[in-house]
Amino acid sequence: SLGDYSYEVYHSLEEIQNWMHHLNKTHSGLIHMFSIGKSYEGRSLFILKLGKRSRHHKRAVWIDCGIHAREWIGPAFCQWFVKEALQTYRSDPAMRRMLNHLYFYIMPVFNVDGYHFSWTSDRFWRKTRSRNSRFRCHGVDANRNWKVKWCDEGASLYPCDDTYCGPFPESEPEVKAVAHFLRKRRKYISAYLSFHAYAQMLLYPYSYKYATIPNFSCVESAAYDAVNALQSAYGVRYRYGPASSTLYVSSGSSMDWAYKTGIPYAFAFELRDTGHFGFLLPESLIKPTCMETMLAVKNITLHLLKKC
Amino acid sequence: YLYNNRYAGDKVIRLIPETKREAHVLKDIYHQFKVDLWQPSGISSISEGTVTDVHVSRNSSQNLLTSLQQANIQYEILISDLQEALEKGNSWRSNRNRR
């Protein structure tokens with residue numbers, strides 16, 4: 001049952017996938033699990049489609065976690081989100097409205113090969129695990145591999161760098177599979193949310209250049225309300241703004257690609273903390289991190305249900 | 001120990017270059033020591049005022065700190081022993097199951 005699985009510890013890839021299978025069987029009214037392809041090492045890329053089934057087309061929100069392998073709080077949040085959605089569907093009018101009006105496509109672990117590698121071999125691995133036989137180094141930065149100003153500023157052409165953009169855009173099967181999925185459904189997807197760590201920020205486009213997006217006022221007000229909602233939980237402050245000026249310039253990111261593809265609300269969260277623990281956020285902080293982030297995500301979702 | 005104790009003695013250090021010169025020196029040092037950059041994600045993103053967190057191995061940490069002192073760059077040690085931080089951060093049950 002939902003209650004038997006702990007959402008306050010970090011889980012291995014196998015545990016997360018077993019959990020997904022289990023929910024698919026036990027909560028078929030609100031959950032449907034499917035695969036969108038295979039990773040470089042042949043692992044299935046599982047997605048959970050969450051929401052009340054409807055005969056009509058519903059708009060959707062895409063949420064992915066774990067693009068970067070070592071950012072474990074991301075997948076922990078994705079699991080938390082699903083748990084909260086299922087547990088509060090009946091009791092929370094806001095959640096009920098969200099799941100009745102929208103679908104949520106949740107990808108708890110985007111970079112499955114990298115996540116498994118960080119669990120078993122190198123805790124601080126970031127990239128995918130693909131390998132070009134011409135080079136001695138493994139992996140591509142899955143957040144530099146998208147076809148939007150690919151391999152420009154903030155990305156590297158050198159395969160041994162952590163921001164290696166890959167031999168060409170969408171070279172990584174994981175990136176290609178998600179891009180294909182989102183491209184096909186772009187008319188219905190209203191928001192793209194990607195979860196990373198660490199910096200305590202809520203970012204929106206652009207990452208690849210210093211410029212203001214056309215729907216700035218709607219996105220900015222959604223971000224402002226979201227960080228205030230987040231802060232209301234435990235007083236934790238998140239900075240917010242365009243990624244290029246709030247964090248740093250980086251080209252080829254999933255958030256910029258989603259926005260360019262036509263998804264009007266594209267955000268990247270950088271979750272806790274700001275460096276005291278860094279990627280080693282203790283399990284004791286999973287619950288408060290996820291609870292406050294939940295408020296932000298609900299706030300953004302309810303914002304896009306009202307027309308801006 | 002988790003990960004065969006490979007992170008014993010490794011450190012995570014925070015540096016914020018205050019000038020262009022310091023940023024340039026820091027980039028050179030990072031290249032030289034082949035550090036694991038925690039933030040920002042790439043060395044090219046480092047400029048004056050950038051908060052940089054770097055994971056450095058036990059073997060390289062003393063030489064790196066000496067280079068920083070010689071360049072007169074201020075630093076702060078965020079995590080003095082990465083293995084210890086790793087072991088502390090997970091519950092006993094998680095650690096036991098993983099082992």
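Select, from A:P288, A:P282, A:P264, the only residue that is within 16 Å of A:F81 (Cβ to Cβ) and surrounded by fewer than 23 Cβ atoms within 10 Å (Cβ to Cβ). Talk me through it step by step, then tell me what you get.
On the way: A:P282 fails: within 16 Å of A:F81 (Cβ to Cβ); A:P264 fails: within 16 Å of A:F81 (Cβ to Cβ).
After ruling out the rest, the residue left standing is A:P288.
Would you please name the residue that is farthest from the other protein chains (Cβ to nearest Cβ), looking only at residues in the range A:258-287 that are part of a loop (DSSP other than H, G, I, E, B) and within 30 Å of B:R14 (Cα to Cα)?
From the range A:258-287, those part of a loop (DSSP other than H, G, I, E, B) are A:262-264, A:272-277, A:281-282; that's our starting set.
Next, from what is left, pick out any that are within 30 Å of B:R14 (Cα to Cα): A:272-277, A:281-282.
Numbers: A:R272: 13, A:D273: 10, A:T274: 9, A:G275: 5, A:H276: 7, A:F277: 7, A:L281: 7, A:P282: 4 Å.
Filtering first and then ranking leaves A:R272.
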Do we have any residue at all in the range A:180-202 that's closer than 21 Å to A:I106 by Cβ, surrounded by 15 or more Cβ atoms within 10 Å (Cβ to Cβ) and β-branched (V, I, T)? yes
Where the second residue is loosely packed, with under 15 Cβ neighbours inside 10 Å and charged (D, E, K, R) and the first is closer than 15 Å to A:M294 by Cα and lies in the range A:86-105, which pairs have Cβ atoms under 9 Å and are six or more apart or on separate chains? A:R96/A:R90
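Only one residue in A:K307, A:K298 is of a type in the set (K, R), more than 13 Å from chain B (Cβ to nearest Cβ) and surrounded by 16 or more Cβ atoms within 10 Å (Cβ to Cβ), so which one is that? Don't jump to the end; show me each part of the working.
Values: A:K307 fails: surrounded by 16 or more Cβ atoms within 10 Å (Cβ to Cβ).
Step by step, each of A:K307, A:K298 is checked, and only A:K298 is of a type in the set (K, R), more than 13 Å from chain B (Cβ to nearest Cβ) and surrounded by 16 or more Cβ atoms within 10 Å (Cβ to Cβ).
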Which condition does A:T274 not pass, out of (1) exposed (fewer than 15 other Cβ atoms within 10 Å of the Cβ); (2) farther than 22 Å from A:F110 by Cβ, if it passes all the others? (1)
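Would you mention how many residues in the range B:2-33 are at the interface with chain A (Cβ under 10 Å from one of its Cβ atoms) and in contact with a helix residue (DSSP H, G or I) (Cβ under 8 Å, 6 or more places away or on another chain)? Don't jump to the end; show me each part of the working.
Filtering the range B:2-33 down to residues at the interface with chain A (Cβ under 10 Å from one of its Cβ atoms) leaves B:2-4, B:6-7, B:10, B:12, B:14.
Narrowing the set further to residues that are in contact with a helix residue (DSSP H, G or I) (Cβ under 8 Å, 6 or more places away or on another chain) leaves B:2-3, B:6-7, B:10, B:12.
Result for the range B:2-33: 6.
Taking A:A296 as the residue in question, decide whether it is more than 27 Å from A:T163 (Cα to Cα), touching a residue at least 60 places away in the same chain (Cβ under 8 Å), assigned to a helix (DSSP H, G or I) and of a type in the set (G, A, S).
Working: more than 27 Å from A:T163 (Cα to Cα): yes; touching a residue at least 60 places away in the same chain (Cβ under 8 Å): yes; assigned to a helix (DSSP H, G or I): yes; of a type in the set (G, A, S): yes.
Considered against the rule, which asks whether it is more than 27 Å from A:T163 (Cα to Cα), touching a residue at least 60 places away in the same chain (Cβ under 8 Å), assigned to a helix (DSSP H, G or I) and of a type in the set (G, A, S), A:A296 comes out as yes.
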Among the residues of the range A:129-173, how many are within 24 Å of A:H116 (Cβ to Cβ), surrounded by fewer than 24 Cβ atoms within 10 Å (Cβ to Cβ) and away from every other protein chain (no Cβ under 13 Å)? 13
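Please verify whether the range A:141-150 includes one or more residues that are among the acidic types (D, E) and closer than 30 Å to A:F104 by Cβ.
Residues of the range A:141-150 among the acidic types (D, E): A:141.
Imposing the further condition that a residue be closer than 30 Å to A:F104 by Cβ reduces the set to A:141.
Among the residues of the range A:141-150, at least one is among the acidic types (D, E) and closer than 30 Å to A:F104 by Cβ, which makes the answer yes.
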Specify the residue that is modelled with the highest pLDDT; the eligible residues are those in the range A:3-18 that are surrounded by 15 or more Cβ atoms within 10 Å (Cβ to Cβ) and farther than 15 Å from A:W72 by Cβ. A:Q17
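Please determine whether any residue of the range A:40-51 is among the small types (G, A, S) and surrounded by fewer than 16 Cβ atoms within 10 Å (Cβ to Cβ).
Here is the first cut: in the range A:40-51, the ones among the small types (G, A, S) are A:42, A:44, A:51.
Applying the additional criterion that residues be surrounded by fewer than 16 Cβ atoms within 10 Å (Cβ to Cβ) yields A:42, A:44.
The answer is yes, given that some residue of the range A:40-51 is among the small types (G, A, S) and surrounded by fewer than 16 Cβ atoms within 10 Å (Cβ to Cβ).
Which count do you get for residues in the range A:112-128 that are within 16 Å of A:M20 (Cβ to Cβ) and either touching a Ser or Thr at 6+ places or on another chain (Cβ under 8 Å) or without any contact (Cβ under 8 Å) to a residue 12 or more places away in the chain (or both)?
Taking the range A:112-128 and keeping what is within 16 Å of A:M20 (Cβ to Cβ), we get A:112, A:115-116.
With the extra rule that they be either touching a Ser or Thr at 6+ places or on another chain (Cβ under 8 Å) or without any contact (Cβ under 8 Å) to a residue 12 or more places away in the chain (or both), the set shrinks to A:112, A:116.
Selection size over the range A:112-128: 2.
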Search the range A:100-128 for residues being away from every other protein chain (no Cβ under 14 Å) and more than 21 Å from A:S35 (Cα to Cα), and hand back the single one that is surrounded by the most Cβ atoms within 10 Å (Cβ to Cβ). A:H101
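Scan A:H22, A:H11 and give me the residue that is out of contact with any strand residue (DSSP E or B) (no Cβ under 9 Å at 6 or more places or on another chain) and either away from chain B (no Cβ under 14 Å) or of a type in the set (S, T, Y) (or both).
Details: A:H11 fails: either away from chain B (no Cβ under 14 Å) or of a type in the set (S, T, Y) (or both).
Exactly one of A:H22, A:H11 is out of contact with any strand residue (DSSP E or B) (no Cβ under 9 Å at 6 or more places or on another chain) and either away from chain B (no Cβ under 14 Å) or of a type in the set (S, T, Y) (or both), namely A:H22.
Here is a yes/no grid of residues against (1) under 15 Å from the mean Cα position of the chain (by Cα); (2) surrounded by 17 or more Cβ atoms within 10 Å (Cβ to Cβ); (3) over 26 Å from A:Q200 (Cβ atoms):
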residue	(1), (2), (3)
B:N4	no, no, yes
B:E18	no, no, no
B:I29	yes, yes, yes
B:Q32	yes, no, yes
B:R58	yes, no, yes
B:Q62	yes, no, yes
Among the residues of the range A:26-39, which ones are surrounded by fewer than 20 Cβ atoms within 10 Å (Cβ to Cβ) and over 14 Å from A:Y103 (Cβ atoms)? A:T26, A:H27, A:S28, A:S35, A:I36, A:G37, A:K38
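The values are calculated or read from the model by the stated rules, or taken from the named source; none is laboratory data. These figures come from a predicted structure and were not determined experimentally. No Cβ is skipped: glycine too gets one built from the backbone with ideal geometry, and neighbour counts run over all protein chains shown.
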